[in-house]
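Asks: Just passing along the structure, written as structure tokens.
The values are calculated or read from the model by the stated rules, or taken from the named source; none is laboratory data. Keep in mind that this is a model prediction, so the values were computed, not measured. Backbone-built Cβ (ideal geometry, glycine too); neighbour counts: all protein chains shown. For the accessible areas, the whole protein counts, side chains as well, though only heavy atoms, and no ligand, DNA or RNA atoms are used. Shrake-Rupley method; radii C 1.70, N 1.55, O 1.52, S 1.80 Å.
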Amino acid sequence: MVKKIYEAVQYIQARTTIQPTVGIVLGSGLGSFTSEIQAECEIPYGEIPNFPVSTVEGHQGKLIFGTLSGKKVVAMAGRFHYYEGYSVDEVVFPIRVMKFLGIKNLFVSNAAGGTHPDFHVGDLMIINDHISFFTPNPLVGKNDNDLGPRFPDMSEPYKKDLINKAKDIAQANKIDLKEGVYFGVTGPTFETRAEYKLVRILGGDAVGMSTVQEVTVANHMGIPVFAVSVITDVGIREEENTITHEEVLQAAKEAEPKLTLIFKELIRQL
Ligand code: HPA
């Protein structure tokens, strides 16, 4: 694994001299955030040794290196989902590469279904914890001590000081920011009515098909994480209606400016 990471890192460092201190992962429908970055180098995933290639609509599939809010950043425009058929190792590979490129903080966004009764489409939810019993843990297997410990602590998977700063930024900009627990599932089906209810009973405020595995390996490697869900649909509702991928992408796009502001300002304050 480490050898594969180094091959990717070496290739990237031959293409760009940027040494990113912040890694950013953008979720479904949230890719236009990348236009905020003063990009100096873009590398399609397909060109990087050992990188999987993104297949989902709404994901561009490249690493973007540049400057954002005065910091050197690397952003993943498009991420790898377990439901696409990638192994868990492949899903988390780019996060490990970003660590070896030197990132000190990881920012993650995703689209998620709201299960908290007070959540509405278009809300932003700071993720303060997650539940992941239903997705494979990326750390199963022989532990690589060059990456992190065998039994990583997960008491603060999302850094409290970053969460507190984000809340201050939201308040100063009159952005209504929710906070809650992200419940990770494999997808690709959206949940049944009974499953959305179960997620709620089990303590999830939002449910989605990404993030947990990436955040797990970031914690394994000691990288502080800040993550936000855009609530693109609400799972628990009385009326008969369906959820579509198009609706998710549209809702994410509409909420994106709020997310952009918070990410940019928080990165400035790092
Ligand atoms: N469930 C799971 N994943 C999602 C959802 C959802 O309702 N919305 C966006 N991603």
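Asks: Compute the distance in nm between two label points, each set 7 Å from the Cα along the Cα-to-Cβ direction, one at LYS142 and one at LEU270.
Replies: Taking the simple label geometry, LYS142 and LEU270 are separated by 3.3 nm.
Asks: Also, quick follow-up: Starting from the Cα gyration tensor of region 157-223, take the square roots of the eigenvalues, sort them a ≥ b ≥ c, and report rounded, prolate or oblate (rounded when a/c is under 1.5, otherwise prolate if a/b is larger than b/c, else oblate).
Replies: Oblate is the answer for region 157-223, as a/c is 1.5 or above yet b/c matches or exceeds a/b.
Asks: Would you mind classifying region 175-270 by shape? Square roots of the alpha carbon gyration tensor eigenvalues, ordered a ≥ b ≥ c; an a/c under 1.5 is rounded, otherwise it is prolate if a/b is larger than b/c and oblate if not.
Replies: Note, shape of region 175-270 comes out oblate.
Asks: How large is log10 I(q)/I(0) at q = 0.10, 0.11, 0.15, 0.17 Å⁻¹ when the Debye formula is applied to the Cα atoms of the chain, each weighted equally and without solvent?
Replies: Each listed q corresponds, in turn, to -0.46, -0.56, -1.09, -1.43.
Asks: Here's another thing I want to ask about it. May I ask which residue of PRO224, VAL199, SER28 lies farthest towards the positive end of the charge dipole of the chain, with charges of +1 (Lys, Arg) and -1 (Asp, Glu) on Cβ and the Cα centre as origin?
Replies: About the Cα centre, the residue reaching furthest to the positive side is PRO224.
Asks: Provide the solvent-accessible area of VAL248, counting protein heavy atoms only and rolling a 1.4 Å probe, rounded to the nearest 10 Å².
Replies: Accessible area of VAL248: about 10 Å².
Asks: Around ARG79, with a cut-off of 12 angstrom between Cβ atoms, what is the net charge of the other residues, counting Lys and Arg +1 and Asp and Glu -1?
Replies: -2
Asks: Sticking with this one: Quick check: Cα centre of region 124-151 to Cα centre of region 244-270, how many Å?
Replies: Region 124-151 and region 244-270 have Cα centres spaced 24 Å from each other.
Asks: Separate question: Efficiency by 1/(1 + (r/R0)^6): what FRET value for LEU261 and ASP118, r their Cβ-Cβ distance, R0 = 25 Å, to the nearest 0.05?
Replies: 0.70
Asks: Which shape class, rounded, prolate or oblate, goes with region 1-89 when its Cα gyration tensor gives a ≥ b ≥ c as root eigenvalues, a/c under 1.5 marks rounded, and past that a/b bigger than b/c marks prolate?
Replies: In terms of gyration-tensor shape, oblate.
Asks: Please work out the C-alpha center-to-center distance from region 67-96 to region 207-222 and express it in whole Å.
Replies: Using only Cα atoms to place each centre, the spacing works out to 11 Å.
Asks: So for LEU177, LEU124, what's the accessible-area order with a 1.4 Å probe, most first?
Replies: From most accessible down to least: LEU177, LEU124.
Asks: Using alpha carbons only, how many degrees (0 to 90, rounded to 10) separate the axis of helix 245-268 from the longest principal axis of the chain?
Replies: That helix lies at roughly 60 degrees to the long axis.
Asks: Tell me, what is the 1.4 Å probe accessible area of LYS253, in Å² to the nearest 10?
Replies: 130
Asks: Moving on to the next point. Using helices alone, I'd like the mean residue ellipticity at 222 nm for the chain: each DSSP H run of four-plus residues gives -39500 (n - 2.57), total over residue count, nearest 500.
Replies: For the chain, the value works out to -10000 deg cm²/dmol.
Asks: Using the crude model of +1 on Lys and Arg Cβ and -1 on Asp and Glu Cβ, and no other charge, please compute the dipole size for the chain relative to its Cα centre, in debye to 20.
Replies: So the dipole magnitude of the chain works out to roughly 980 debye.
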